[in-house]
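Have a look at the structure below before the remarks.
Please treat every number below as a calculation from the coordinates, not as lab data. No experiment lies behind these values; they were computed from the predicted model shown. Cβ coordinates were reconstructed from backbone atoms using ideal geometry, including for glycine residues, and neighbour counts include every protein chain displayed.
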């Protein structure tokens, strides 16, 4: 998955305004394992579904935004809440 560097440079979390970066391979694997077990929720409170092919993580590691068909889904209520999940930072 490749996201244009210029786009990545201007994207940020729409709520916290933190910069985001692409999930690395090990981060993505950790996240997908937790999604498979049903351990994560979206910020709207619903159970997060997976697996993800790609995602953007906030600088503090607390939120992940999906990338679907090479398009970042930067909707706050659809962000995956990753607080408490080890191995993402």
Notebook entry, point to check: Any idea what angle helix 25-36 forms with the longest principal axis of the chain, computed on alpha-carbon atoms, 0 to 90 degrees, nearest 10?
Noted result: 40 degrees
Next item on the list: Take every Cα-Cα distance within the chain, group them into 10 Å bins from 0 onward, and report for each bin the whole-number percent of pairs it holds.
Entry: 18, 58, 23, 1
Check: What ratio of Cα Rg to 2.2 N^0.38 Å holds for the stretch 29-69?
Finding: 1.09
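Please order 64, 76, 20, 47 by the number of other Cβ within 10 Å, starting at the fewest. If you can, show how the numbers build up before the last one.
Numbers: 64 26, 76 14, 20 21, 47 10.
Fewest to most other Cβ atoms nearby, the residues stand as 47, 76, 20, 64.
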Checklist line | Computed helical MRE - 222 nm, the chain, DSSP H runs ≥ 4 contributing -39500 (n - 2.57), nearest 500 | finding: -5500 deg cm²/dmol
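Which order, highest average first, do 78-86, 34-42 follow once you tally other Cβ atoms within 10 Å for each residue and take the mean per peptide? Intermediate values should be presented prior to the final figure.
Numbers: 78-86: 16.9, 34-42: 15.1.
Per-residue mean Cβ counts within 10 Å order the peptides as 78-86, 34-42.
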Check: Tell me, what is the percent relative contact order of the chain, built from C-alpha pairs under 8 Å that lie six or more residues apart?
Finding: 29 percent
Next item on the list: Any chance you could run the full-extension gain for residue 7 through residue 76? It's 0.36 nm times the residue separation minus the Cα-Cα distance, nm to one decimal.
Entry: 23.0 nm
Next item on the list: Could you work out how far apart the two model spin labels at residue 17 and residue 36 are, taking each label as a point 7 Å from the Cα in the direction of the beta carbon, and quote it in nm?
Entry: 4.0 nm
